[in-house]
Structures are given as C-alpha cells and as structure tokens.
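First comes the structure, then the notes that go with it.
The values are calculated or read from the model by the stated rules, or taken from the named source; none is laboratory data. Remember, predicted model here, so these are calculated numbers, not experimental data. Cβ placement follows ideal geometry from the backbone for every residue including glycine, while neighbour counts extend to all protein chains displayed.
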Amino acid sequence: MQWNSKVLAFATLGAAATLVLAGCSGGSSSGGAAGGSDGGYKIAFVQGVAGDEFYISMQCGIEAEAEKEGATVTTQGPEKFDPTLQKPIVDAVVGSKPDALLIAPTDVSAMQAPIAAAEAAGIKVVLVDTTLEDPSGAVSQISSDNEGGGAAAFKAIQDANPNGGKVLVVSTDPGVSTTDARAEGFENAVAEDSKFESVGVQYSHNEPSTAAEIVTAALQKDPDIVGIFAANLFAAEGSATGVQQAGKQGQVTIVGFDAGPAQVKALEAGTVQALVAQEPATIG
C-alpha cells in the first residue's frame, strides 16, 4: 500500500477545517439565538442533526454573517438525522414566522411537504448542504460538490492501491442527497478503472456500531477488499472499528468524508487514511 502527496493534501484540508471549528467556540448552542437586536431580520437555521461538528461549523458561518447584517439566528436540530424528528422542528419554525429558513433537509422526499409549508407561509427558504427532490420553491441552495468528493475519495484509494482490488461504500440511508451523490461519484469513478471492482453500497443508518458490523462482515466475505469509502463521519468511525475487529488495520484504506476534530484525530492515529474535507462555515 502506497501513499502520495494527494492523500496528504486531504490531511492538510482536515487541519484547516479544525481551525474553522476552533475559531467558533463562542457561538450559541443548538436551540439558542445569536446575532442582531430585537426587531431585526429573523433567521431560523434547522440543522440535519444537532451536535454534529459539520453543522456547528455551518452555524458559526451563518451567525458571523448575520451579525454583520444585524440579523438574529435561532438554531435547532433533531437528535438524529431523521425526517420524523426534523419535521416537528420545521412545523414549529413555520409557526414562529421567521423571515428566512436555512435548512439541511434530512430526506429528499419526506421533507418536501414541511418545507413547502414554510414557503407557502411566505418564509424565504435556503437549502444548505442537502436538498429536495423538487428544490424549486427555495430561493437558493448551497452545497459542496458531493459527486466530485466521492470521485476524490476513490482517487485516494486508487493512489494507495495501484494494483487495484475490491472497494466498498458505507453510507448513511438512501434518500439523503449528499451521501447519495458521494456514493454515485465514487461508484462512477470505480467503473472507469478496470483494476477495481465495487462490492456495492451498504447503509449504516448513522450508527457507528452498524457500520462496524457491515465492514467486519464484508471483510469476512471479501477478504481482498482494499478500500472503504465512508460517506460521512459516523460511517468512518464505524468502518475504522470494523477494520480493527477484522484484524485488517494497515491492509485496508479507509477514506472518510468531512474533517472535524474527531476525524482529524482518527487521521493522525492512522485509523483513517484520508479525508475529503468540506467548508461548512463558508456554506453557512
């Protein structure tokens, strides 16, 4: 297994993401409000999941810009990345009648109607990170190039394993626009290199323990798997555990997505070999 400067570049991006988070230690907690004085422009930010480093960093970016404009930001998020938990939050936000709703939809179809209700109430909607099957009602949407990120993840595995081999994708749930796009970008890139074979996409439902079970079972079935693309931080955490449980550490390249402090720590420890970093504060 070989490493080159391309993989090291991901590590550098990860360190930069850590600095973004560290610079936002004074931000409000989920559920709190921050920004301008009463009577100013009111913004509601509904995260994909509360407490996630990615969304905390995005919250920091939103609050920083809102403060410049004298706007107030209220942030909330479900305990899990789950539309059944996010919908009641959106319903409550619609009732509070903010001027704008910034939201990371937890499902492309299940969140369509709740967000449409916000639009119908005259609330300007901006989709951040994730999207909907029909995003036409939103005034804007902002996200990373997730397909490109998936392709970059394969490039890291490709560079580390020049002789090729089998690869696995561990994602969250089908119907999440970002992780679906990452998996698609990865799978498309794999298909272009005849030395590699995909064993498919499996879903961990944002549970690291489930990701670990998936990886352990996959390595028992296909011991010649050389690379795993973990499409989000929970998948990466569990994939690293699964590789360790299978006794394959150092033999399988794990590439994670996002580069918060926990992910960078895993990179430094060698349990994850590369990270594809986003810029959540810039998205915010």
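Would you pick out the residues in the stretch 75-109 that are in contact with a Phe, Trp or Tyr (Cβ under 6 Å, 6 or more places away or on another chain), within 20 Å of Asn206 (Cβ to Cβ) and in a loop (DSSP other than H, G, I, E, B)? Walk me through it before giving the result.
We begin by selecting, within the stretch 75-109, every residue in contact with a Phe, Trp or Tyr (Cβ under 6 Å, 6 or more places away or on another chain); these are 75, 99, 102, 106.
When the remaining residues are screened for being within 20 Å of Asn206 (Cβ to Cβ), the result is 75, 106.
Correct list: Thr106 only.
Which of the residues spanning the stretch 205-225 are farther than 17 Å from Gln244 by Cα and touching a strand residue (DSSP E or B) at 6+ places or on another chain (Cβ under 6 Å)?
none
Filter the stretch 181-211 down to the residues that are more than 18 Å from the chain's Cα centre (by Cα) and either in a strand (DSSP E or B) or crowded, with 19+ Cβ neighbours inside 10 Å (or both) and list them by number.
Ala189, Val190, Phe196, Glu197, Ser198, Val199, Gly200
Scanning the stretch 88-121 for residues that are free of Cβ contacts under 8 Å to residues at least 24 places away in the same chain and farther than 16 Å from Gly77 by Cβ, which turns out nearest to the chain's Cα centre (by Cα)? First the steps, then the outcome.
Going residue by residue through the stretch 88-121, those that are free of Cβ contacts under 8 Å to residues at least 24 places away in the same chain are 88, 92, 95, 112-113, 116, 119-120.
After this cut, where a residue has to be farther than 16 Å from Gly77 by Cβ as well, the list is 95, 112-113, 116, 119-120.
Numbers: Gly95: 28, Gln112: 20, Ala113: 23, Ala116: 24, Glu119: 25, Ala120: 29 Å.
That would be Gln112.
This table checks each residue for (1) at pLDDT 55 or above; (2) surrounded by fewer than 15 Cβ atoms within 10 Å (Cβ to Cβ); (3) at positive phi.
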site	(1), (2), (3)
Ala17	no, no, no
Gly23	no, yes, no
Gly39	yes, yes, yes
Gly51	yes, yes, yes
Tyr55	yes, no, no
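Hey, among Ala152, Ala104, Ala100, which residue is buried (at least 17 other Cβ atoms within 10 Å of the Cβ) and farther than 27 Å from Ala71 by Cβ?
Ala152
Which of (1) within 22 Å of Ala50 (Cα to Cα); (2) touching a residue at least 12 places away in the same chain (Cβ under 8 Å); (3) basic (Lys, Arg) does Lys248 not meet, given it meets every other one?
Looking at each condition in turn, Lys248 falls short on (1).
Can you tell me which condition Ile214 does not meet? The list is (1) at pLDDT 95 or above; (2) in a strand (DSSP E or B), and all the others hold.
All conditions pass for Ile214, except number (2).
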